[in-house]
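S.K.: Handing you a structure now.
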Amino acid sequence: MASLNVYSVLVVLFLTCGAVMATKENDQIIKDNNCETKMGLPCVVEAFMSIFNIGSISNKCCGELVVLRKFCHLALVKRTVENPLFKDLNPATIIAKSI
């Protein structure tokens, strides 16, 4: 079974939740480093839930996050926080949880 990538999850999220207002800097980092293709869907969901909700990261997904690298992870989190759906959340808190 083909694994969906981060991009697929973000597209679904943004299509169902509102327009994306990402900064060019984050988009450029994501594009230049192929950040959206480095994690499988189950780990994307697990990471998303642990950052924006309550949960933890399994060892398997922790390994995928390490492969993703910090700059990709931070750019993806920042781009997600810029979505109008998350306007009521404190970006500093979300970024701190993502670390």
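The values are calculated or read from the model by the stated rules, or taken from the named source; none is laboratory data. It should be emphasised that the depicted structure is a prediction, and the values quoted were computed from it without experimental measurement. Here Cβ is always computed from backbone atoms with ideal geometry, including for glycine, and neighbour counts include all displayed protein chains.
S.K.: Just a yes or no: is a residue in region 91-99 surrounded by 12 or more Cβ atoms within 10 Å (Cβ to Cβ), touching a Pro at 6+ places or on another chain (Cβ under 9 Å), assigned to a helix (DSSP H, G or I) and aliphatic (A, V, I, L, M)?
M.R.: no
S.K.: Any residue that is outside any helix (DSSP H, G or I) and either modelled with pLDDT of 80 or more or surrounded by 15 or more Cβ atoms within 10 Å (Cβ to Cβ) (or both) - is there at least one of those in region 21-33? Let's see the steps before the verdict.
M.R.: Here is the first cut: in region 21-33, the residues outside any helix (DSSP H, G or I) are 21-23, 33.
Cutting the leftovers down to either modelled with pLDDT of 80 or more or surrounded by 15 or more Cβ atoms within 10 Å (Cβ to Cβ) (or both) gives us 22, 33.
Yes, that holds for at least one residue.
S.K.: Select, from K78, K60, the only residue that is touching a residue at least 12 places away in the same chain (Cβ under 8 Å), among the basic types (K, R) and surrounded by 13 or more Cβ atoms within 10 Å (Cβ to Cβ).
M.R.: Values: K60 fails: surrounded by 13 or more Cβ atoms within 10 Å (Cβ to Cβ).
The conditions single out K78.
S.K.: Here's a follow-up. Please work out if S58 is of a type in the set (S, T, Y) and modelled with pLDDT of 85 or more. Spell out how you get there, then give the answer.
M.R.: Working: of a type in the set (S, T, Y): yes; modelled with pLDDT of 85 or more: yes.
Against the criterion (of a type in the set (S, T, Y) and modelled with pLDDT of 85 or more), S58 qualifies.
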